[in-house]
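One structure is given below, encoded as structure tokens.
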Amino acid sequence: MKKIKEFFAEELRGWKPLEAAWLALATAVILGLSLYWKDNWVSITAALTGVWCVILTGKGKVSSFVFGVINVLFYAWIAFQVPYYGEVMLNVLYYLPMNFVGFFAWRKHMNKESGEVIKQRLSLKKSAVVYSVTAAAIVGYGFVLKWMGGSLPFIDSMSTVVSVVAQVLSVKRLTEQWVLWIVVDVVTVFMWLVNFINGGETIATLAMWSVYLVNAVIMFIKWNREAKQVEQNV
């Protein structure tokens, strides 16, 4: 019981007014649009937990992985209905176990003063290698999804492959994850926009990914600044 109280105390510590306001605004936007468009409870739950997950990730809080588990299960079901098979496999086979890995990995590298995870950056050379391998994998997986008969196979592949790499970088606490998340978010917003235009009742999911995109830009700036400070103090 004591450890649970300590965990919640740590997660609630260190929030700046603007960060708390961003969390509240994102929640209000998702919930407001979902209720207005009369979206179903599955989509609303997936959207809310997803937004909380990415904002808490940006804040460097390990509770992000708890919300991530819930989001994965609900979002995978939504994607299966479309069908975006790449998204389904990504969430069930990869994100689900990686949320547990990330939770325990981050717990080993927490800043005791801020209650946030310690951020890092890759060198330019290592970044170039990561991006090149990612591009090659996108093409290969795109052909697999096309053979399976999935919707928008190469767009789906880009979203999936970049997400896999970005999640690894996230577990390793690397700032470059946010560059990849921006790519993922742009592609995925397009995917769900196409679905919505074609009559899909997924406004909550579309809003969720739109918030993801804005959040990724904000958090790239935040993580890059904090990673520089860590380097300067070494």
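Okay, here's what the table says:
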| quantity | calculated |
| --- | --- |
| Qualifying position, being of a type in the set (Lys, Arg) and at positive phi, among ARG225, ARG121, ARG173 | ARG173 |
| Test set (1) under 19 Å from VAL211 (Cβ atoms); (2) open to solvent by less than 60 Å² (accessible area, probe 1.4 Å); (3) among the aromatic types (Phe, Trp, Tyr) - TRP37 fails condition number | (2) |
| Residue within the range 214-232 that is outside any helix (DSSP H, G or I) and within 22 Å of VAL72 (Cβ to Cβ) present | no |
| Residues satisfying the stated conditions in the range 84-94, i.e. surrounded by fewer than 22 Cβ atoms within 10 Å (Cβ to Cβ) and among the aromatic types (Phe, Trp, Tyr) | TYR85, TYR94 |
| Qualifying residue in the range 42-52 (condition: open to solvent by 30 Å² or more (accessible area, probe 1.4 Å) and either part of a helix (DSSP H, G or I) or of a type outside the set (Lys, Arg) (or both)) | yes |
| For MET148: the one exception among (1) under 23 Å from LEU96 (Cβ atoms); (2) of a type outside the set (Gly, Ala, Ser); (3) buried (at least 16 other Cβ atoms within 10 Å of the Cβ) | (3) |
| Subset of the range 199-232 [within 19 Å of THR175 (Cα to Cα), small (Gly, Ala, Ser) and either open to solvent by 20 Å² or more (accessible area, probe 1.4 Å) or touching a strand residue (DSSP E or B) at 6+ places or on another chain (Cβ under 6 Å) (or both)] | ALA227 |
| Residue that is nearest to VAL62 (Cα to Cα) [pool: residues in the range 153-198 that are open to solvent by less than 20 Å² (accessible area, probe 1.4 Å), more than 12 Å from the chain's Cα centre (by Cα) and free of Cβ contacts under 8 Å to residues at least 40 places away in the same chain] | VAL161 |
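The values are calculated or read from the model by the stated rules, or taken from the named source; none is laboratory data. Keep in mind it's a predicted model, so treat the numbers as computed, not measured. Reconstructed Cβ throughout: ideal geometry from the backbone, glycine too, with neighbour counts over all protein chains shown. Please note that ligands, DNA and RNA were not included when accessible areas were found on the heavy atoms of the full protein model with its side chains. Shrake-Rupley method; radii C 1.70, N 1.55, O 1.52, S 1.80 Å.
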